[in-house]
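Have a look at the structure below, then the notes.
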Protein chains: 4
Amino acid sequence: MAKSKYEYVRKFEQNDQCLLNCWIVIRIDGRNFHRFSDAHNFEKPNDQRALQLMNKCAESVMKEFTDVVIAYGQSDEFSLVFKRSTSQFGRRASKLVTNVVSLFSSSYVFYWGHFFTYQELLYPPMFDGRVVLYPTEKNLRDYLSWRQADCHINNLYNTCFWCLVQQAGLTSNQAEDRLNGTVSSDKNEILFSEFNINYNNLPQMYRKGSVLIWEKMSDPSDSSQVNNFQKTRRQVALHHTDIIGDTFWNEHGDILDS
Amino acid sequence: MAKSKYEYVRKFEQNDQCLLNCWIVIRIDGRNFHRFSDAHNFEKPNDQRALQLMNKCAESVMKEFTDVVIAYGQSDEFSLVFKRSTSQFGRRASKLVTNVVSLFSSSYVFYWGHFFTYQELLYPPMFDGRVVLYPTEKNLRDYLSWRQADCHINNLYNTCFWCLVQQAGLTSNQAEDRLNGTVSSDKNEILFSEFNINYNNLPQMYRKGSVLIWEKMSDPSDSSQVNNFQKTRRQVALHHTDIIGDTFWNEHGDILDS
Amino acid sequence: MAKSKYEYVRKFEQNDQCLLNCWIVIRIDGRNFHRFSDAHNFEKPNDQRALQLMNKCAESVMKEFTDVVIAYGQSDEFSLVFKRSTSQFGRRASKLVTNVVSLFSSSYVFYWGHFFTYQELLYPPMFDGRVVLYPTEKNLRDYLSWRQADCHINNLYNTCFWCLVQQAGLTSNQAEDRLNGTVSSDKNEILFSEFNINYNNLPQMYRKGSVLIWEKMSDPSDSSQVNNFQKTRRQVALHHTDIIGDTFWNEHGDILDS
Amino acid sequence: MAKSKYEYVRKFEQNDQCLLNCWIVIRIDGRNFHRFSDAHNFEKPNDQRALQLMNKCAESVMKEFTDVVIAYGQSDEFSLVFKRSTSQFGRRASKLVTNVVSLFSSSYVFYWGHFFTYQELLYPPMFDGRVVLYPTEKNLRDYLSWRQADCHINNLYNTCFWCLVQQAGLTSNQAEDRLNGTVSSDKNEILFSEFNINYNNLPQMYRKGSVLIWEKMSDPSDSSQVNNFQKTRRQVALHHTDIIGDTFWNEHGDILDS
């Protein structure tokens, strides 16, 4: 069984190194999550447990791949951004995306019970992943803005839709018809006048999605400190905040500089 | 929150369609599985439960992606072969590899308890994946032969190594030194003369790895049959057999023709 | 002027090696050749000089890159096929396509005067090039058949069109209208009944295009031969023949086996 | 001759669109130009005619592809930079590089006689081309600096080398040995003390290479101007100047902003 005569097949592997000095975004999307969320009785329009589980999976990935400088999630998707100078896996696209998707997926099952206490996991979920490169900070921020604007638009629509269905008793088709052609202000007005809901008072996690970044934290558990030297370490911090405007980025200037 | 002004960022995604009429091999490899197998007390040199779990994950992938015509696994790796004419995901490499790796990974956690009854899963595992294209049947068969020859070589070595350590009481370094420079016949002789083991009598799964293919099976549960018309359906069948020689391929001519 | 601090920019170059064991087709197309042929008073529907010049350029490329096993040309395009095992330029797509296009283009100007005796070259022409990989003989032959069928269809149309314009005095629009909706047999009939032309008697170069292959030829100039040992060498041979059917390939079995 | 049954082969073409918002550099290199320059009796260390011909070819390309914002040439190479927002050829790498290389190559032959009055062109030259993407201005400027530093280093070496050979009568090997291990200041000293040459007084074209950019020029031939309205148009302007420092870029801020 001479292995060597077959080893030429390795040469068919193709190099897929990401262009240097670009931000590497890995976006993970749930596959067939409409069916998955029905099968597992996710609450509508948002299931807090499911979103927290997604955040936990992203945190799990960030702790393994510390070159991820920011992650943004909403619904059944998460975008993880590797710093532009990363040399993780020699920047090979397939290595990066498969490791990230793999750990995200296995974490989803592993941590399921931490969030879904009374709902058994019925079958293993599936996520796809893709790699997108952005050459400039502006492009990267526009990417993240795109996902957050998408979160807002979908959440406003879904909030209205499920009020109409769950509270007003409309069928799905009736609710769709009712919302057809409405703009944001119309939907806000429906929520306020018909359901007494001020959209802006709904939880930030639903309206803004979830932002994970590294933050330096003083470590009170560290008793070894002497002479007022305060040891710090990085931790993954969770925010539900606007990342379209400049405020967030001004307050966390190190994210894109790192 | 005008989403449209950001949507241009979608255009940064790059097409990665696999060349038509080539076999698409997805190879999955455990990441840091040396540490993982230690942490979870895998039996050495082979842990039957771990191999059966790997096979279950591969079967799970094949049932989801029925264009996989054959899968071959050994140790912590599995190769899944999409038929050359597949149009799954428009043959996009990143879609194919991420979905396969994702389902494999989530299945690993999901089905862990089916095989590891007394060993808790301590942390989520990770697998990487890669896509390799093979233009001809010969190239594809050589690829599979390469993996099976690798299985043989590693298993023979590991079987000797762990006999020397577990039964003869050598340290790891001593066992390595003992095996250094030996060829296959030497290792067979060591096993036979010192440990009374006929290598060829060891379980086929350890020596040959695992082969998953689709097989047509008559369905006795189908009571609707009339006039001797026997309904058949495809099922994933597991073999531990040689796939380097021609016999297997002659007996299953439909695998590569499909 | 420390060059070394800038040399990191080399790492931005990306590998574009062609998949192994595939036929590598380089197709060259004239850019803006409608304008070019008008400016240089090409005869319609076919200019023998222009076609011979194209053939000369392809021959020039084949003599430089001897791994090209067959080249097929028609109109302002040429396809050059590198053998599937070629390691020319490490199979790097950009190296292959640019060298071929470059030599073809410089040859076009260099040899212009050999064919266009009375027509000065007014400006440098331009060709684009692309790389296409074919995994099997069938795919490759279908590619070449596609180009030759294209040659036939265009040439039949153009022959009719220019008869109608040059001999029957129709305007371009009138000729187009006349041919609109006609099938091959209609066009053959127009040529025969109105212009007394039997299409099948027109020069093969116009109807079939040009095929360049390597052929072994005895070398009568070699006086060193002894004992009836006849030295042979390869030369580029030009054919105007059908390459869709099997006859050509049966007669030149070494083209695809090489 | 049904063309349609073969047309599937088009689907084997692969998309190679360049990442958006990156500078696209096409670098052209002479192939086997050592032999070419010997065969055509190029003057050493620099042949003014050959450099001017290269500049003419680059100008020819810029006039055809007006999205090229700067071109830099030295010796037998030229780098042409497409603006980062270009949509020329849909940013397809193979289209960009082959058209540029093709026109450069055909121009080289076409314009040969304009510069080489007494030296016939003996055979068609060949250039290769490659595409390199740069995400930031800094990366792009570092690329150009790399090429200009290379020009300086090679030219200083070659100037010394050919003085030693042509004037001091050393053999090639002796000249190489003499220069082995020398740094820039040593070479300057050799030129000054032994050959009475102040390197800095040599022609800028040899020391700095050639820079082609677009410049707005008033058009005195335009007699239609009224009311002091001065029509301007862009012309390709040739410079032999430092592009490593900031001065050039400050003076031509529109090159990278365009």
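Some points to look at:
- Each chain gives up part of its surface: C and D jointly bury about 5000 Å² of accessible area, both sides summed, for a 1.4 Å probe.
- Solvent-accessible area lost in complex, 40 Å² minimum, residues of the range D:1-22 relative to chain alone, 1.4 Å: D:MET1, D:LYS3, D:TYR6, D:TYR8, D:VAL9, D:PHE12, D:GLU13, D:GLN14, D:LEU19, D:LEU20, D:ASN21
- Listing of the range D:142-168 residues, each with accessible area lower by at least 10 Å² in the full protein assembly than in the chain alone (probe 1.4 Å): D:ASP142, D:SER145, D:TRP146, D:ALA149, D:ASP150, D:HIS152, D:ILE153
- For A:ASP177, inter-copy label distances in nm, listed shortest first [label point 7 Å out on the Cα-Cβ vector]: 5.2, 8.6, 9.9
- Net charge of Cβ neighbours under 13 Å - reference A:ARG178; Lys, Arg +1; Asp, Glu -1: -4
- Packing here is the average count of other Cβ atoms within 10 Å per residue, and on that basis the peptides B:9-21, D:32-44, B:132-144, highest first, run B:132-144, B:9-21, D:32-44.
- Computed 3J(HN,Hα) for the range D:111-118, one whole-Hz value per residue from the Karplus formula 6.51 cos²θ - 1.76 cosθ + 1.60 where θ = phi - 60°, is 9, 3, x, 5, 10, 9, 5, 10, glycine and proline marked x.
- Kirkwood radius for the protein assembly as shown, taken over all pairs of different Cα atoms as the inverse mean of 1/r, rounds to 34.2 Å.
- Take A:ASN196, move 7 Å from Cα toward the beta carbon, and the resulting point lies 8.4, 10.0, 10.5 nm from the same point in each other copy, nearest first.
- Of interest is the spacing of the C-alpha centroids, which for the range D:1-55 and the range D:184-217 amounts to 29 Å.
- Shielding of B:84-94 by partner chains, average beta-carbon count, 10 Å: 2
- The Cβ shell under 12 Å around A:GLY30 holds other residues with a net charge of -1, Lys and Arg each +1, Asp and Glu each -1.
- Counting only other chain Cβ atoms within 10 Å of each residue's Cβ, the peptide D:56-63 averages 1.
- Selected from C:TRP162, C:VAL183, C:LEU140, residue furthest toward positive end of dipole (the range C:132-190; charges at beta carbon): C:LEU140
- For the range D:81-165, the gyration tensor built on C-alpha atoms gives an oblate shape. Its axis ratio a/c (a ≥ b ≥ c) is at least 1.5, and a/b is not larger than b/c.
- Each residue of the range C:207-213 was assigned a 3J(HN,Hα) from its phi angle through the Karplus curve 6.51 cos²θ - 1.76 cosθ + 1.60 (θ = phi - 60°); the sequence is 8, 10, x, 10, 10, 10, 9 Hz, with glycine and proline shown as x.
- Only helices enter this figure: runs of n ≥ 4 DSSP H residues, each worth -39500 (n - 2.57), summed and divided by the residues of chain A, yield -12500 deg cm²/dmol at 222 nm to the nearest 500.
- Here's the picture: charge each Lys and Arg Cβ at +1 and each Asp and Glu Cβ at -1 in the range C:43-101, and of C:GLN88, C:PRO45, C:THR98 the one pushed furthest to the positive end of that dipole is C:GLN88.
- Prolate/oblate/rounded label for the range A:133-191 (Cα gyration tensor, a/c 1.5): prolate
- Gyration tensor verdict on the range C:126-228 (Cα atoms; rounded if a/c is under 1.5, prolate if a/b is larger than b/c, oblate otherwise): prolate
- Shielding of C:108-119 by partner chains, average beta-carbon count, 10 Å: 3
- Using C-alpha pairs below 8 Å separated by at least 6 residues, the relative contact order for chain B is 23 percent.
- Restricting the calculation to Cα atoms, every distinct pair contributes to the Kirkwood radius of the range C:1-73, found to be 16.5 Å.
- Closest approach to the D/B rotation axis among chain D Cβ atoms, residue and whole-Å value: D:ASN15, 2
- Total lysine pairs in the range C:29-145 at Cα distances under 29 Å, for residues eight or more apart or on different chains: 10.
- Integer Hz, Karplus 6.51/-1.76/1.60 couplings in order for the range B:61-72, x for Gly and Pro: 5, 5, 5, 7, 10, 6, 7, 6, 9, 7, 9, 10
- Positive dipole terminus of the range C:78-216, leading residue within C:GLY113, C:VAL211, C:PRO124 (C-beta point charges): C:VAL211
- Within the protein assembly as shown: Cβ-based charge dipole about Cα centre, in debye rounded to nearest 20 (Lys, Arg +1; Asp, Glu -1): 0
- Relative to the other identical copies, B:GLY90 shows label-point distances of 1.2, 2.9, 3.2 nm, where the label point lies 7 Å from Cα along the Cβ direction and values run shortest first.
- Between amide H atoms placed 1.01 Å from N, distances below 5 Å from B:ILE197 occur with B:PHE192, all of them 5 or more places distant or on a separate chain.
- Förster-model FRET efficiency, 41 Å R0, C:GLN17 and D:GLU194, C-beta, rounded to 0.05: 0.30
- In chain B, Rg over Rh equals 1.04, where Rg is the alpha-carbon radius of gyration and Rh the Kirkwood radius from pairwise Cα distances.
- Fraction of accessible area attributable to carbon and sulfur, the range D:1-61 (%, probe 1.4 Å): 40
- Solvent-accessible area per residue for the range A:24-132 (1.4 angstrom probe, square angstrom): 33
- In this structure the amide hydrogen of D:PHE42, modeled in the peptide plane, comes within under 5 Å of no amide hydrogen from residues 5 or more places off or on another chain.
- Assigned charges on the beta-carbon of Lys, Arg, Asp, Glu; the range D:124-209 dipole about Cα centre (debye): 320
The values are calculated or read from the model by the stated rules, or taken from the named source; none is laboratory data. Just so we're clear, the structure is a prediction, and the values are computed from it rather than from any experiment. A quick note on method: Cβ atoms are made from the backbone with ideal geometry, for glycine too, and the neighbour counts reach across all protein chains shown. Protein only, heavy atoms only, side chains kept; ligands, DNA and RNA dropped before computing areas. Shrake-Rupley method; radii C 1.70, N 1.55, O 1.52, S 1.80 Å.
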